[in-house]
Structures are given as structure tokens and as C-alpha cells.
There are 4 protein chains.
Amino acid sequence: MLHFANDYTQGACQEILDAIVKTNFEDLAGYGADRYCESAKAKIRKVCEVKNADVHFLTGGTQANAVVINSMLESYEGVIAAETGHIAIHEAGAIEFTGHKVLTLPHHSGKIDVNELKEYLHTFYADENHEHMVFPGMVYISHPTEYGTLYSKKELIEISKTCKKYEIPLFLDGARLVYGLMAKDTDVTLPDIAQLCDVFYFGGTKAGALLGEAVVFTKNNTPKNFVTRIKQHGALLAKGRLLGVQFDTLFSNDLYKRIGKHTINLSEKLKNILHEKNYRFYLESPTNQQFIIIENTKMEELAKNVSFSFWEKYDENHTVIRFVTSWATTEKDLDELIKLL
Amino acid sequence: MLHFANDYTQGACQEILDAIVKTNFEDLAGYGADRYCESAKAKIRKVCEVKNADVHFLTGGTQANAVVINSMLESYEGVIAAETGHIAIHEAGAIEFTGHKVLTLPHHSGKIDVNELKEYLHTFYADENHEHMVFPGMVYISHPTEYGTLYSKKELIEISKTCKKYEIPLFLDGARLVYGLMAKDTDVTLPDIAQLCDVFYFGGTKAGALLGEAVVFTKNNTPKNFVTRIKQHGALLAKGRLLGVQFDTLFSNDLYKRIGKHTINLSEKLKNILHEKNYRFYLESPTNQQFIIIENTKMEELAKNVSFSFWEKYDENHTVIRFVTSWATTEKDLDELIKLL
Amino acid sequence: MLHFANDYTQGACQEILDAIVKTNFEDLAGYGADRYCESAKAKIRKVCEVKNADVHFLTGGTQANAVVINSMLESYEGVIAAETGHIAIHEAGAIEFTGHKVLTLPHHSGKIDVNELKEYLHTFYADENHEHMVFPGMVYISHPTEYGTLYSKKELIEISKTCKKYEIPLFLDGARLVYGLMAKDTDVTLPDIAQLCDVFYFGGTKAGALLGEAVVFTKNNTPKNFVTRIKQHGALLAKGRLLGVQFDTLFSNDLYKRIGKHTINLSEKLKNILHEKNYRFYLESPTNQQFIIIENTKMEELAKNVSFSFWEKYDENHTVIRFVTSWATTEKDLDELIKLL
Amino acid sequence: MLHFANDYTQGACQEILDAIVKTNFEDLAGYGADRYCESAKAKIRKVCEVKNADVHFLTGGTQANAVVINSMLESYEGVIAAETGHIAIHEAGAIEFTGHKVLTLPHHSGKIDVNELKEYLHTFYADENHEHMVFPGMVYISHPTEYGTLYSKKELIEISKTCKKYEIPLFLDGARLVYGLMAKDTDVTLPDIAQLCDVFYFGGTKAGALLGEAVVFTKNNTPKNFVTRIKQHGALLAKGRLLGVQFDTLFSNDLYKRIGKHTINLSEKLKNILHEKNYRFYLESPTNQQFIIIENTKMEELAKNVSFSFWEKYDENHTVIRFVTSWATTEKDLDELIKLL
């Protein structure tokens, strides 16, 4: 069976696995107070080019979203997101569970439109009754989005400016950020993100770590007693080293870049082949997810040898499916997939 | 100044005021354990034609919505509502505050469409990923809606059937129910509502009481220890008599019907006059709210002598405004309004 | 039947009832934006001698406690209270419902001891593990306490100083404040409370109003968008006038003082008689609650003609019971009670 | 430096580490739907001797406590625990964060007393005002307790019976359960726990895993849609295999027993030596934690070469400190410690 269903079917990439093994029997302080966490934080600050960025490690994306959003919002505030945003649909109401509404904007291939954002914020404050409504307290974007698409630097600048104008933070969900940074034609760098966002996270789980997301507060704006908030969410690991060691490795010797580049190369190659073979694209993504519209009979045939994601029904006879490449995908996997397509 | 802005500008209607005064110096048990509460409950059970309906009195609509919804949902469930539903927009996130997502459907003059509801529920359970999503745990409708519109009996039956099929309760927000019941051409009665809904409330605040909503559980389905839940929400009045006396009066000598009829008559008369004077309707409501599109200059002129509700901007030169009649509106008020229109 | 069970068995006192009736048919703005609310707030600011005190009206004590505490605490903070504090025991977990722990100190006839408070705060910050613990974020005291006892001015000053040192607000639950202010030997005035506390409320429900508590923020420290927070708690009345009119009356012509004085006089008289008749006191309170230890047979005899509160079992043959006087208690009631004792 | 401060200073034990490495490049389904999770669950069911026990893997103790308690309680219920229980003190209010009060009983070397539990429950229901109080909805015990002590089988039976009588579940926090099961004189087995508790968890983090707790529902009583609840808490790992592989290994070839036995042997040896050297015990524990009272000067001397836990100040000149052994402690470590003592 070939695996193209998602980017978390295997464990850790070799270098991370080696680091976990190598450091395993060292006696280290608990709860993230170890030297690997410190080292990883220093490296992240460096690649972000923000000297006093504050970094915290959490285990997964939903957890990171809930902890960050709940910690930064007042109780009467909600978070603005695309209607397709992960927090809006696929986190089982984890944001509402902590008391906050997700305020949705229409999506454009997974992205929000800055003009619609401006209109939303303007209309809210113009409404005489807004005291009876949920205040917009943050903007949440995914980069890459849930559709694998990317914001341009210009778009991020505009969104960031709008947030500043309304004095609300901009939060970037970077569960797949590594694949966004290494996309072929992107003009958005990690320092750009660190500069334009008030808080973001760099995903480890989908980038070759066993688990882990690195949350970065970029503007001396960490919520007070953030470690206690993490603990209160049940999100503080006793053996915080597990996250520290992995991120320390990801940010050593450009590992994250190599992982990103490898994955993107395979995804681009896949995209080209799909084009050559005249597959119909539902959405052409610059990152590691490709969405095609396929005949149901063909899909069933393919499913015998390849795992992919069912995305949604397209019409009676067609379905949208998704292929995902990752650090774990090999050229050989791709060659075999090509034969089957 | 003429008052047509809303249905809660005055205190209580005369009969309710008299009852409050008359019973004021009686020594009564606290927290709703008094004989007026008991009497009111018995009367409500009778007009609902549900012998074992369980009735509880709360102070306002947002409170009633939050207490009922939070008490009936599991933590992983949300409540389906029209995107224009009061809980979706104008309750400052009171539902999310208690941990639950409001799952919105498109609105049709304030109403949800049963086919869209069916489609939503069907799609949810068909989605392989629904374990990562908020489960639909209840359907919330307003009757009259926030636009003054009404469901037909056929529509309610269809919605009720759909809820039964998916084993989720149907909750009807009746903040203005009295005006819905007395609407000219409605075929929906109070016993119909009691039969078709699992829980609903009958609004007192907008029907001539100082405050108060009567929540009715119709199917032996009161959440366990409901009084404790009310207390936990900060919603239990020490002098519960204040609610008991008012509802006991509302349901004596058909007071609620007389209030409804009076108000609807004036609203119908207003509607006719607006037609005669060729005002352009934004939405023609069968209840006590009328929405018209008016030129801004004319609106400003009118505002000197009449209070009405600004609803929304229609275009550069026009605005949607709302006139509301109530138990407190007099024929004389209407005559004076007619002169000004 | 004579009523000494509590201070909320009757409706409103005559002057408040008259004011409700008199203003009933005035058309007023909703949600507390009416002139009676404004007038009441001005009067409260004046008697508190704090020019810019910010006043908000809520319906009951549990609601006031939940809204104030939840609005002023960070999510990782709890509120310190006596183990006998109303929020610790008799509010069905309303504080925890909003996410906050009640951190309890031993009680001394219902009061906290300032040295134990200091010790608690000192120990907390001295604990190396306090990052894993609930931070003390507020001190809550009741005055009078749940046992009818009062803090001295010196005690309040010491508690207030301690709060300032640790930069946490002092919150005073004044559900029965009127009876504390008018107690015979108290040296604590309303301006003292306004000066020493960061926020407190003046209870209306137990002081002759139908319902209502006036929350006073004394230090330009109202939580941002407090009205939206009230709405979110389901605690905003459409007819806010009902609270405005009542508090406006309570603070006109010294009504609250007259109510307090009348009630305290009767309570003192009752206390003297109980002494004369050699009843054994469980706790001798300076306010409107008296606690005695009575033989069970005698208690049962008494219960035929008098309602009082069962407080707790004392031993096999004795019970602690409570007599409460209020604005509604008359000299005649007391004379009849004396005969029965 | 010798490490006796806690049982989570190193990574994973060798066998678990090997299993992680060995399975790392297998393509497996996400979110716990992989074969290692299935295998681990089957093994746990077997050692528990409960055929249909339902097992779920979470990452840490606080998370397990919050997810289980919040999922099993109604909103108006709290959880009974010893005042020294982990949930009562050292979880940053994670239980209250989800809306529930921790109702505390006195502790006896970390344990609750069944008679005090009975008294608490009896008194609660006997109280006429209990509708205004938090309902006891669960009993939480730690085994071993936070002081390393153990319940006897007789005690567990009595507590279990009491829970059944009041129809509330018994929940056992087994963060260090492996050390409880292997204690020298315990008469409590894993099947006993599975039979007597409604839900418990078996800790991996402190028993040689990198992270992970196995929650076991023993009575066909898993809360509905539990996976969605886990997701909502931000507690669902994409690479659930990481937990599955570790627990599968822990329950293969009696690894957990060997780990427990090794650790207990060293702890017993340490206890004997401390006795021989006439150290004064604060509390003599049958598991892997030993608490002694030591002179401050001696403590400071020791601290140069050994890490241990500061527990609490005993008096001006003495301190209570804790030594912990674990799977990672070696005979050699102990020999060196002995020299220093």
C-alpha cells in the first residue's frame, strides 16, 4: 500500500529519532526547564530574527489553538477565522469549550480576504447594538491553509495592518508552516511571519517530529503566567525534553528546510504528473497537498493500492480526493504512484 | 415623543401591576416555592394541554436560552440555529460562554428551512471526520423570529419530525410568543407548540410583565436537578414570587390573549396605513414588528417625534427601520403616528 | 404564622412599591440606559463619597458574585474566601462554573483572619511549585458575614492593605450591607467600604427591594466592556428601569438607613429578650440574624406558630436555629414572638 | 550529580525506546486507530481481567484527570478528593477550568477516610439546602497517593461500596500505579482496581514511558463520544501510535511488573539504610517515595551532590525532603547515595 493520505503516517524522521535516542538517558529537569528546550528556543528566536521572542512547546495543533486563543482573548471576545479554518470546523468545538465564539468570514481557497475582514470590523463597531454582540478579539489564519494555499507577503501585511488598527492580535496557525516556507514561489519568510504576526506556531507533528508545536510570541506579549495556563489546559508535559530535543534537532543544520524542500519537490513533481495525465484539479496548491476531482470508479480502483484522503463528494459520479506528500514520502513511492495513476 | 422602538419601554400592564401590589405584603416562601408560582405553573400546563409539563421561571431571554441550552447539551454538542437567531448574534456569546457552539443555517426571513436542516444533519453524520466536529445536539428556532415572521404548523411538524429522527430536542424561543399566537392567519396554537417542541419558553418581558420568561419542558425531559443548574447560572431569584405573580396574572382571564390581540390589531392597522401611504416594506410581518425602507431625509424628520428602531443601512439614501407595537401602544399613539407618516 | 425565617418573605417595602407603580407607565430606554438608573447611580456615588465610582445593577447575589469575580480574574486565578463564604458553599458552584477555584481560609464566626490571609499569600509565593497551583487573584469577604457578624474598620484596613501589597482586588459581598451599616456598635461606614474595597455590592433584595444588587467599582477599575460581560452572563435586564427605580428610592430620603435602623432595633430587642429568657446563644450577632441553641422538643412546639431557619444539628437533643428580622418585621410580630418564646 | 528528585528525569526505558525506534517507519493510521493501540488495549483488558474494558490513551496526568472528570460529571456536580489530592492543589485549577468544584475531605497520609466520606455524603443529602450546593458527583483517589501511601483492599472495597450506594463513580488516579501494584505488602491487584473502580488510569510517564496515561473504563461506562471529548480538550494526538507502542511494550513480557519491582526494591533498600543511619522519617511509604526530616545544614551539604525534592519546611532548623526511585535508578546510584547519607 502506498501512503499519500496525510503527513503523519510515520513516526519521526531519522535525525529526530536519533536525537531522542541519543539524549534518552540524560537526567534532565522536568516541565520544559531542560537545556534542550532552552537550546531549541534560542534557535527559533534566531531563525525568526526576533531576539526576545518567547517560545513554548505544546503537543498538538488543536491544543495550541485552544491555549493561545483562550489565553489572549477576554471572555467577551471571539476569534475571526475563515469558515474553513481548522478551529471553525475540525476541532470539535475546542475554542467554544473555553468560552469563545469563532466568528467566521467567507473563505477564498481557504484564505480570508482582507477587504472582507476590514468590512467586518468596520460594521461591527458601526453597529449601535455591538455591546450585545461578541467582540472580535483576534484574527486567526492558517498558513498554509486547510487547502494547502498560501497568503502572499502583501496579503499578510494588509491583514497585519488591519489587526493593528483595531488593536487585536494576528495569530497564524502554522501546523504545516514548514511546507509553506519552502513552497516554490512564496515570498513569505519566517522572519516575515514573526514580524507580521503577534503569535504563531511552527508545527512539528506534520514536519517529522513525533509530536509538538512551537508557539512563538513575537511582541513581548506572552499572556501572564503562561506556563500555569498551559498546565490548566492539561497541556504541560512532565518530560518536556521530548519536545525540546525534537525542535532543537528540527532547527539544527537546517533540518526543517531540508524536510520542507524534499516534500515540496515531490509535491511539485506529483502536480506535474497529474497535469500530464490530464487529471482535473479541484485546487492547485503550492504546498504539500493536491486536490483532484476523480471519477468514482477510478477512485475505487486506485484505493486498492494507494491510501489518499476522501475530501468531499463532487457530483454523482465524481469525488474530490487529496494526495499529501511529506518528509516520509520517497521518490520511489512517487514513481509507484505514477504507475497507478 | 411617540414610542414605537420596541415592546419593553413601559413597566408592567395594569393587571400585572395590580397583582404585584395586591400580593406584595404576603409572606411567601423564597426561590419559587410559593403558591403563585404553583398556580401559574398549573395554568400554563392547562393552556398548553400537557398535564405533566414542567415549568420554570427565569428573568430574561438570553438567560433562558443559556440555561436551557447548556442544561440539555452534552459538552461536545452545539445548537443549530438560523444565522439571524438571537443566540447566534445578539447575546454576546452567552451560549459559547457555557461551552457550546452555535451551528448556523441560512435564514429565510428569519426562519430556518427544514430541507436545509435535514441536509445539514445528513451531511454531518455522513462525514467520516465527524468525530472531530461539533455534534448537532439541539435545534433552536424563534417564533416569532427576530424578523417578526412565523412558522406554519406544517413547517413546525416537519422540523419536529426531523429532530425526532436524529434524537435531538427542538427548542423554541418564544420571547414574543404571545404575538405569534394571536397573529391573524397563524395556524399554530400553544398546544401545538407544546406538542411539537421538547422545550420552549413563553416570554413575559415583552408581553406586559416587568420581567420573566416561563420555560416549559413538555416531555418529562427536564434536566436533572434543574433548580441547581438555574442557581449555578446565577439565575435563581430569592423572591421568585415576583415571577409567579406575574405569570399567574398573564394566564388569568385570558390576559395574555387580550394583550396579544390588542397588539396585533394595532400592528395590522399600522401595516395597512403604511401600505396606503405607499411605504416600501422591507419585510411584511404578521406579528408586532413592521420593517420599512425609508429615505434618510424622511427618517430624520420622523425621528424628531417618533422613536423607532434603526435596523440596517439599505443603500446610500435609504435605511431599514422597524416599528413595534405592544400592549402599551394605544389607538391614540397610532393615530398620532399616522399623522406624522 | 409569624415569619422570622429570612429577610425576603415579603415583596417590596412601601416606598419602593409606590415608586414602581408611579413610574410604571413612563416610556424609558431599555437595558439600564434610563434616567432612574442614572439618578440611582449618582446617589450611590454620593453616599459612597467616590465621585467616579462606577455602578451597575444586577438581579441577585449569586449573579453579582459570579459576574464580578469572573470579570476581574484571569483564568488561572482563584478567589480567596472564608470556608463559610456564600460563594464557597451556597451558590451551587457558580464561581467554578465560570472556571475559577474558590480558595478557602478557616472562618472565625464567618470572618477571615488577616494573619491567616497574609500567611496564605506568603506561603503561596514562597512555594517553588506555585506555577502549578491556582493563583490567588482576589479576596472575597461578606459584610455582614453569613453568620451576621461584622468586620471592624481596623480589620478591613488590614485586609485592604494586604490586598494592595499583593496587587489583588478586595471584593465585599454586601447582600445584607444595609444591616451592617446600621448595626449599633459598628465603626464601618459606606465611605469606608468604598475606600477600602476595590469593588462591592449593596444588596437590595434583602433590604426591601423586589430584587437587585448595586455593584460599585470604586477605583476606576471596571472590567472593560462590563455591560457585554453582564449580557454574556444572561444578567442584563431589558427593563433595567426596574432596578433603577428601586435603588433610586432606596437612596432617597435615607430610606436604606431607615430600613436598616428599624430592622436592627428589632433584632437588638429580640436579642435582649432571648437573653432575658435565658436562651443559649450559638452566636450573638450585631446585625439582623440571631442564632440560638434550642431543645428539639421546644423547637417543634415553636415551629407550630413561627417560621425560623433550621441552621444545623447541635447534638442529639438540641438544634441551632436562626431568627431573622427585616424591614417587613413589625413591633407587633416581635411582641407575639416574645409571648411564644 | 545523583538524581533522586523524581521519577521522570530520564526519557524512556530501554525496551520502550527500542519499540519506538523499531516501529518508527511503519505507516499507521492516525488518532489512535493503529494496531499498536489496539494491541495495547487488548493487553490491558487482559491484565485487568475485564473483557470489555474500554481503554483510551492520553498524554499526562492532569490532562487525564480533567478529561475524565469533566466527561463524567454533570455541570452541577463536583468531585470529592483528599485535600492533598493532585487535582485539589497541583493542577493549576484544571478541574475548575472545566466548570467543576473539587470538594475536599481531610487527608490521612494522603488518603481519604471512608467514614468521613460516608459522613460527607450523608450530610449533603440531609441538608435541606443542598439544592443550592454543589452535588458530589464522583470520588477521586490517588493510589499511590501524593505521599506514596496505599489503600488496602478492604479500604477500596468500602469506598467502592459507598460510591455505589450513592450512585457516583469511583475514579482512581494511577499516575504511579505501577509502584503501588509492586509494593511489598499490598493486597491490591490490578484486577481488584479494575473491579472496584468505575474508571482509573495506569500511568506511563512515571513508569518508563516518554509520556502517556492509559485511561480504563471498566463498567461499559465510557462517556458517549469520548474521542470527540478528548479532541475538544486538545488532548488527541495525531500520532496516537506513540502512546500505543509504549503501552503495548509496557504490557509485554511483564515489563511494567519488572519496572515496578526494580524500583520498589531500591526504595525498600533506601528505606532500610535511612533507618540504619537513624534518619527521622516524616512518612514511611511502601512505594517509591520516601520522606525524611533533615537538618537544614545537612540538607545543604547533601544538595551539592544529590538532587532530591524539597517538600516543606518542618521547623526553623529542619526540612522535609523527598527521595524518589524509579526504573532509571541503578544499584550504583543507591550505593553512592548511601555513602553520602
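Values in this text are rule-based calculations from the coordinates and carry no lab data. Owing to the predicted nature of the structure, the values given are computational and were not obtained by experimental measurement. Ideal geometry is used to build each Cβ from the backbone, glycine not excepted, and the neighbour counts take in all protein chains shown.
What fraction of the DSSP beta bridges in the protein assembly as shown is antiparallel, stated in percent and rounded to the nearest 5? Walk me through the intermediate numbers first.
Details: 101 of 173 bridges.
Of the beta bridges lying entirely in the protein assembly as shown, close to 60 percent run antiparallel.
If we hang a label 7 Å off Cα along the beta carbon direction at B:ASP113, how far is it from the matching labels on the other copies, in nm, shortest first?
The projected label point of B:ASP113 is separated from its counterparts by 2.2, 6.8, 7.1 nm.
Give me the one-decimal nm value for the distance between modelled label points at A:LYS164 and B:ASP27, 7 Å along each residue's Cα-to-Cβ direction.
7.0
For segment C:152-280, what relative contact order do you get, as a whole percent, if you take Cα pairs closer than 8 Å and at least 6 residues apart?
Contact order relative to length: 24 percent.
Could you rank the peptides C:184-193, D:151-160, C:212-221 by their average count of other C-beta atoms within 10 Å per residue, with the highest value first?
C:212-221, D:151-160, C:184-193
Percent antiparallel among DSSP beta bridges with both residues in chain A, to the nearest 5?
60
When each copy gets a label point 7 Å from Cα toward the beta-carbon at B:LYS313, what are the spacings between them in nm, shortest first?
In nanometres, ordered from closest: 4.1, 6.4, 7.0.
Tell me which A residue has its C-beta closest to the axis rotating A onto B, and the distance in Å?
Here the nearest residue and distance are A:GLU96, 2.
Can you give me the Rg/Rh ratio for chain C, using Cα atoms for both radii and the Kirkwood formula for Rh?
Using only Cα positions, Rg/Rh for chain C is 0.98.
With a Förster radius of 22 Å, plug the Cβ-Cβ distance of A:GLU74 and B:GLU83 into 1/(1 + (r/R0)^6) and report the FRET value to the nearest 0.05.
Rounded to the nearest 0.05, the efficiency is 0.35.
Using a cut-off of 12 Å between beta-carbons, work out the net charge of the residues near A:HIS275 (Lys and Arg +1, Asp and Glu -1, A:HIS275 not included).
Charge balance in the 12 Å sphere: +1.
One decimal, nm, shortest first: give the distances between the label point of B:LEU340 and those of the same position in the other copies, each label point 7 Å from Cα along Cα→Cβ.
5.7, 7.4, 8.7
By the gyration tensor of its Cα atoms, with a ≥ b ≥ c the square roots of the eigenvalues, what is the shape of segment B:84-190: rounded for a/c under 1.5, prolate for a/b over b/c, or oblate?
oblate
Between C:TYR125 and A:GLU276, with labels modelled 7 Å along Cα→Cβ, what's the label distance in nm to one decimal, could you check?
7.0
Provide C:PHE200, D:PHE281 in ascending order of the number of other Cβ atoms located within 10 Å of each residue's Cβ, fewest first.
D:PHE281, C:PHE200
In whole Å, how far is the Cα centre of segment A:284-334 from that of segment D:278-341?
59
For D:ALA42 paired with D:LYS313, estimate the spin-label separation in nm (one decimal), with each label point 7 Å from Cα along the Cα-to-Cβ line.
Distance between label points: 5.7 nm.
With runs of 4+ DSSP H residues as the only contributors, calculate the mean residue ellipticity of chain D at 222 nm using -39,500 (n - 2.57) per run, divided by the residue total and rounded to the nearest 500.
On the way: 14 runs with 139 residues, N = 341.
Calculated from helices alone, the mean residue ellipticity at 222 nm is -12000 deg cm²/dmol.
For the protein assembly as shown, count the residues as N, evaluate 2.2 N^0.38 Å, and divide the Cα radius of gyration by that value, please.
0.97
Counting other beta carbons within 10 Å of each residue's own, what order do D:ARG322, D:ARG258 fall into, fewest first?
Exposure proxy ranking, most exposed first: D:ARG258, D:ARG322.
Can you sort B:THR287, C:THR149 from fewest to most other Cβ atoms within 10 Å of each residue's own Cβ?
C:THR149, B:THR287
Mind putting a number on the dipole of segment B:14-254 about its Cα centre? Charges go on the C-beta only, +1 for Lys and Arg and -1 for Asp and Glu, and I need it in Debye to the nearest 20. Don't skip to the answer; put the middle values down first.
Values: 24 positive and 31 negative charges, 146 e Å.
My answer is approximately 700 debye.
Name the shape class, rounded, prolate or oblate, that the alpha-carbon gyration tensor gives for segment C:1-87, where a ≥ b ≥ c are the square roots of its eigenvalues, rounded holds for a/c under 1.5, and otherwise prolate holds if a/b is larger than b/c and oblate otherwise.
On the way: a/c = 2.13, a/b = 1.23, b/c = 1.73.
Oblate, because a/c is 1.5 or more while a/b does not exceed b/c.
Out of the DSSP beta bridges found with both residues in segment D:23-144, what percent are antiparallel (nearest 5)?
If I count the DSSP bridges inside segment D:23-144, around 10 percent turn out antiparallel.
Apply the a/c threshold of 1.5 to the C-alpha gyration tensor of segment A:212-306 and tell me whether it is rounded, prolate or oblate.
prolate
How high is the FRET efficiency between C:LYS339 and C:GLU116 when r is their beta carbon distance and R₀ equals 45 Å, given to the nearest 0.05?
Numbers: r = 44 Å, r/R0 = 0.98.
The value I calculate is 0.55.
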